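This report refers to the structure that appears directly beneath it.
The values are calculated or read from the model by the stated rules, or taken from the named source; none is laboratory data. Remember, it's a predicted structure, so these values are computed and weren't measured experimentally. We place every Cβ from the backbone using ideal geometry, glycine too, and count neighbours over all the protein chains shown. Heavy atoms of the whole protein, side chains included, go into the accessibility calculation; ligands, DNA and RNA do not. Shrake-Rupley method; radii C 1.70, N 1.55, O 1.52, S 1.80 Å.
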Amino acid sequence: MAAGRDLLLVSLLFLVASFNIVEGYNRLRRGDCKPRCSYRCSATSHRKPCMFFCQKCCAKCLCVPPGTYGNKQTCPCYNRWKTQQGAPKCP
């Protein structure tokens, strides 16, 4: 019984540590926005509007999802911000 409890405790600690790593990735200062957005927009052919909106979203949310596409679930504020038409505002 004690071994099962220890395994559960270790698993829970790993989950909390993993969550904190992801959250730590998203806690940015305003100065971090430009380099993060530069990478985020590196794969698009519409770089100028991508950078404009990414930096606007980053300034509001202090967060940019990892990668060049998707992964918005790691940054809820960035993911929830929509245009008047209901489309995603943040790239």
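Take the residues in the stretch 51-71 that are open to solvent by less than 40 Å² (accessible area, probe 1.4 Å) and without any contact (Cβ under 8 Å) to a residue 24 or more places away in the chain, then tell me which one is nearest to R29 (Cα to Cα).
M51
Give the stretch 82-91 a look and list any residue that's more than 13 Å from the chain's Cα centre (by Cα) and surrounded by 12 or more Cβ atoms within 10 Å (Cβ to Cβ), or say none.
Step one: filter the stretch 82-91 for residues more than 13 Å from the chain's Cα centre (by Cα), giving 82-89.
Answer for the stretch 82-91, where residues must be more than 13 Å from the chain's Cα centre (by Cα) and surrounded by 12 or more Cβ atoms within 10 Å (Cβ to Cβ): P88, K89.
Considering the stretch 28-50 alone, what residues qualify as being buried (at least 17 other Cβ atoms within 10 Å of the Cβ), more than 14 Å from P88 (Cα to Cα) and at pLDDT 90 or above?
Step one: filter the stretch 28-50 for residues buried (at least 17 other Cβ atoms within 10 Å of the Cβ), giving 28, 33, 36-37, 40-41, 50.
Cutting the leftovers down to more than 14 Å from P88 (Cα to Cα) gives us 28, 33, 36-37, 40-41.
Matches in the stretch 28-50: C33, R36, C37, R40, C41.
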